[in-house]
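One structure is given below, encoded as structure tokens.
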Amino acid sequence: VVHGEGELTLSELLASMKRGDNSDLHHIQGISYRENSTIITTELRPLIGDLDSLPAPDFSDYPLFGLTPASEGIMPRVTLEVSRSCYWGKCLFCNLHKQWRDTYRRKSAAKFCRVLRVTTNSLGSAFVTLCDTDVMDKEDVFDAISVSGGSYHMFTEISPRISRAAVKKMRDAGVRTV
């Protein structure tokens, strides 16, 4: 089991498995595994501080199966993130900020626009779901998307406290469903 962010942990785990060497599992941060009848949990890996340092996700094997928006009413979507955790970090009904150890981080607008462009171009689908829980602090991202020249159809969650100006920026960037 990989705990928390998996980018680095999963890479190390797969490298260990590829070598066929399970003796070094205890050195891999952020995993739990079974050794005989004992469950071993290693120390948590520190969170990735700079989300811009991550490469764009590789969706090359994403199963679109030739779907197009017109095929049987199905719109193939890709899910992308701008941030991890929640900048509010105080809602009692939600565990998202706890899951990310009360540490809110986000990608720059420029990085997200590059990821958005590369991903949608490679998949041939402009339909995107933003997995961020709210976009109140991301007006700069929508501004950057608007001037990027792309044409997108995005879904995102919003807060009822969002301003009319922010909603206009979202619409201009391609948000069509909230």
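Looking at A110 and the list (1) of a type in the set (A, V, I, L, M); (2) at pLDDT below 90; (3) open to solvent by 40 Å² or more (accessible area, probe 1.4 Å), which single condition is not satisfied?
(2)
Which of the residues that make up segment 35-47 are more than 20 Å from the chain's Cα centre (by Cα), of a type in the set (D, E, K, R) and under 27 Å from Y104 (Cα atoms)?
E43
Mind listing whichever residues of segment 51-85 are assigned to a loop (DSSP other than H, G, I, E, B) and modelled with pLDDT of 80 or more? Reasoning before the result, please.
Filtering segment 51-85 for residues assigned to a loop (DSSP other than H, G, I, E, B) gives 54-77, 81-82, 85.
Passing the criteria: L54, P55, A56, P57, D58, F59, E81, V82, S85.
Filter segment 106-133 down to the residues that are assigned to a helix (DSSP H, G or I) and among the β-branched types (V, I, T) and list them by number. Reasoning before the result, please.
Step one: list which residues in segment 106-133 are assigned to a helix (DSSP H, G or I), which gives 109-123.
V115, V118, T119, T120, listed by residue number.
Looking at (1) surrounded by fewer than 19 Cβ atoms within 10 Å (Cβ to Cβ); (2) assigned to a helix (DSSP H, G or I); (3) of a type in the set (S, T, Y), which one does T103 not meet, given that it meets all the others?
Exception for T103: condition (2).
Being without any contact (Cβ under 8 Å) to a residue 40 or more places away in the chain, farther than 28 Å from R105 by Cα and not charged (D, E, K, R) narrows it down to one of S11, S32, S16, so name that one.
Details: S11 fails: farther than 28 Å from R105 by Cα; S32 fails: farther than 28 Å from R105 by Cα.
The conditions single out S16.
Which residue, of V118, V175, V128, is under 18 Å from the mean Cα position of the chain (by Cα) and open to solvent by 70 Å² or more (accessible area, probe 1.4 Å)? Even if it seems obvious, please write down each step before you answer.
Working: V175 fails: open to solvent by 70 Å² or more (accessible area, probe 1.4 Å); V128 fails: open to solvent by 70 Å² or more (accessible area, probe 1.4 Å).
The conditions single out V118.
What is the number of the single condition among (1) touching a Cys at 6+ places or on another chain (Cβ under 8 Å); (2) touching a residue at least 24 places away in the same chain (Cβ under 8 Å); (3) farther than 19 Å from M170 by Cα that D134 does not meet?
Result: D134 fails condition (3) only.
Give the residues of segment 141-172 that are open to solvent by 60 Å² or more (accessible area, probe 1.4 Å) and among the β-branched types (V, I, T), sorted by residue number.
Listed by number, the residues that qualify are V147, I158, V167.
Could you run through segment 29-49 and say how many residues are of a type in the set (V, I, T) and farther than 26 Å from H97 by Cβ?
Step one: filter segment 29-49 for residues of a type in the set (V, I, T), giving 31, 38-42, 48.
Narrowing the set further to residues that are farther than 26 Å from H97 by Cβ leaves 38-40.
Selection size over segment 29-49: 3.
Determine, yes or no, whether R161 is out of contact with any helix residue (DSSP H, G or I) (no Cβ under 7 Å at 6 or more places or on another chain), assigned to a helix (DSSP H, G or I) and over 20 Å from E7 (Cβ atoms).
Values: out of contact with any helix residue (DSSP H, G or I) (no Cβ under 7 Å at 6 or more places or on another chain): yes; assigned to a helix (DSSP H, G or I): no; over 20 Å from E7 (Cβ atoms): yes.
Here the answer is no, as R161 does not meet what is asked.
The values are calculated or read from the model by the stated rules, or taken from the named source; none is laboratory data. Computed from a predicted model, the values in this text were never measured in an experiment. Ideal geometry is used to build each Cβ from the backbone, glycine not excepted, and the neighbour counts take in all protein chains shown. Accessible surface is based on the protein model in full, side chains and every heavy atom, while ligands, DNA and RNA are left aside. Shrake-Rupley method; radii C 1.70, N 1.55, O 1.52, S 1.80 Å.
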